[in-house]
1. Anything in segment 1-20 that is at pLDDT 75 or above and of a type in the set (Val, Ile, Thr)? List them, or say none.
2. I'd like the full set of residues that are part of a helix (DSSP H, G or I) and touching a Gly at 6+ places or on another chain (Cβ under 8 Å), limited to segment 141-168.
3. Wholly within segment 39-89, which helices (runs of 4 or more DSSP H) include no fewer than the required count, namely at least 1 residues that are within 24 Å of the chain's Cα centre (by Cα) and modelled with pLDDT of 80 or more?
4. Write out, first by first residue and then by second, each pair whose Cβ atoms fall under 6 Å of each other, whose residues are 6+ apart or on separate chains, and whose first residue, in segment 255-273, is more than 15 Å from Asn419 (Cα to Cα) while the second is of a type in the set (S, T, N, Q).
5. If a residue must be at pLDDT below 95, open to solvent by less than 10 Å² (accessible area, probe 1.4 Å) and over 22 Å from Glu443 (Cβ atoms), how many such residues does segment 144-200 contain?
6. Given the criteria more than 17 Å from Gly159 (Cα to Cα) and within 19 Å of the chain's Cα centre (by Cα), does Gln447 qualify?
7. Consider segment 461-492. How many of its residues are surrounded by fewer than 18 Cβ atoms within 10 Å (Cβ to Cβ), at pLDDT 85 or above and either of a type in the set (A, V, I, L, M, F, W, C) or in a loop (DSSP other than H, G, I, E, B) (or both)?
8. Within segment 404-420, how many residues are free of Cβ contacts under 8 Å to residues at least 24 places away in the same chain and crowded, with 23+ Cβ neighbours inside 10 Å?
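The values are calculated or read from the model by the stated rules, or taken from the named source; none is laboratory data. Note that the coordinates shown come from a computational prediction; the quantities given were computed from them, not determined experimentally. No Cβ is skipped: glycine too gets one built from the backbone with ideal geometry, and neighbour counts run over all protein chains shown. Note: accessible area is taken over every heavy atom of the protein model, side chains too, but ligands, DNA and RNA are not part of it. Shrake-Rupley method; radii C 1.70, N 1.55, O 1.52, S 1.80 Å.
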Amino acid sequence: MKELLDVLSGVPWWAWIIIALTLVALRDIFFQRRHTISHNFPIVGHLRYLLESIGPEMRQYFVANNREELPFNRIERGWIYASAKNENNYEGFGTDRDIYAHQHIFINNAMMPYKLEHHHPNALDKTFIPCAKVMGAYHKRKRPYRPASIINVSAMSFGSLSAKAIDSLNKGVKIAGAYHNTGEGGLSPYHSNGGDVVFHFGTGYFGVRSEDGGFSMEKMVTLVENNPFIRAIEVKLSQGAKPGKGGVLPGKKITKEIAEIRGVEIGKTVLSPPNHKAFSNVPELVDFVERIAEATGLPVGIKAAIGKLEQWEELAELMEKENRGPDFITIDGGEGGTGAAPPSFADHVSLPWIYGFSDIYKLFQKRNLTDRIVFIGSGKLGFPAKAAMAFAMGVDCINVAREAMMSIGCIQAQICHTNRCPAGVATQSKWLQNGINVPLKSERLAQYFKTFRKELIEITHAAGYEHPCQFNMNDIEMNVDDHNLTKDFDQTFKYEKTPVAFKGMQHLKDCAYLGGVKT
């Protein structure tokens, strides 16, 4: 043995490299048959796979310009990061955006901005913007809810996101006075830090799941009674990433804790069905919504990505005739989100938010239903100018998902579905999660929301209004072609937004339902 060790120790370092490369070459040529490139070009072929694997990162950091990347470019991500850290998020020397590009939007400012009096709520708190409508007020639910913030955390479940990420988001919304949508993974301990919660469920009924995999009203009632911070309930019909396709949670992401919360097996991939067991048509959906609202006393809404409109027309007709139905409707954009999906779905199934929302709003407006519904927009709206556009179209609140993730550290690695998220946000790896400082990240989520609301209210005042709900379609213009460079939104989308009843910020501040009815 000593002689062998002496021989090995006498081999120079460069010889070991040659030996290792020779072994790799022999393996490539004689033993592996899966990859043609590495078989035909041993050793060198591996370089191709390495470069391909880091290609997105190379393009993101060294090749793409500041406005080029998707889904969020460097300027957008930089604004979120700076806003979350309360750093300087201004730009100098003018915009570098092509303001003549197709679909670029312009907000029409007033000659005389809205003037704040010294006693005005926004003079005291520059970030105060509650929702102008009350969820459940029209249908006289027992516990109506006026969201205290017009920007809130969208549906992202524990399981898809890590425990520390959910913890940060929930503690952040408590600081910011916003609400936190649970996503369809059920209510976890990490959603229970005191922030307002909208309980969301889909076809898997996680958290309110019966033994046969259907919906349990008994579990729903118990959940609401035991968790008074749940302010509303949302039924997911479909989502922007993959409408018409059930959710998928890979088995490697399912820990013992997640399995217990969802009522599924540890380590086994969960495939939610595309259809609900609790209802199969529009009248049954309305009955289902009303039963939940009656049993829990909470406002109940639905969430969907938009495609065909026939069943939506049926819903609007039924709501008009029977004075029943959802208290709020969340419209998700086909741009996708945190949910992983096949490219065929992510790229082509369902309409982008701006088209889907305008179709739905017009449909309910035609039947004079807009006053009774709180419309929530969800689809890359986490920027003040885009939010102003959405409010002009008829939105009452917006939900953000990926923008909220970025505020707590997401770097847009786009590997959420692999359990290898380097920022610890979309992974169940304890090691990767350890990088998340929950107190710090919760403050950053809250600061992003506060900065967002501050800039949105400043844009609102610049347009001559007190609250974003007062924006109308004539306040926004869009580049449409070369001959008629811009059109007002009412000409582009062929409708006028119904004015929202608004009595002033002080009226909202004094509302008994602001932040929900306390039990």
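1. Of everything in segment 1-20, those that are at pLDDT 75 or above and of a type in the set (Val, Ile, Thr) turn out to be Val11, Ile17, Ile18, Ile19.
2. Restricting attention to segment 141-168, the residues satisfying the condition of being part of a helix (DSSP H, G or I) are 163-168.
Passing the criteria: Lys164, Ala165.
3. On the way: elements: 44-53, 55-58, 74-84.
Of the helices (runs of 4 or more DSSP H) lying wholly inside segment 39-89, those with at least 1 residues that are within 24 Å of the chain's Cα centre (by Cα) and modelled with pLDDT of 80 or more span 74-84.
4. Once the first residue is more than 15 Å from Asn419 (Cα to Cα) and sits in segment 255-273, its partners that are of a type in the set (S, T, N, Q) give Ile261/Ser188; Ser272/Thr203; Pro273/Thr203.
5. The qualifying residues number 4.
6. yes
7. 2
8. Counting residues in segment 404-420 that are free of Cβ contacts under 8 Å to residues at least 24 places away in the same chain and crowded, with 23+ Cβ neighbours inside 10 Å gives 1.
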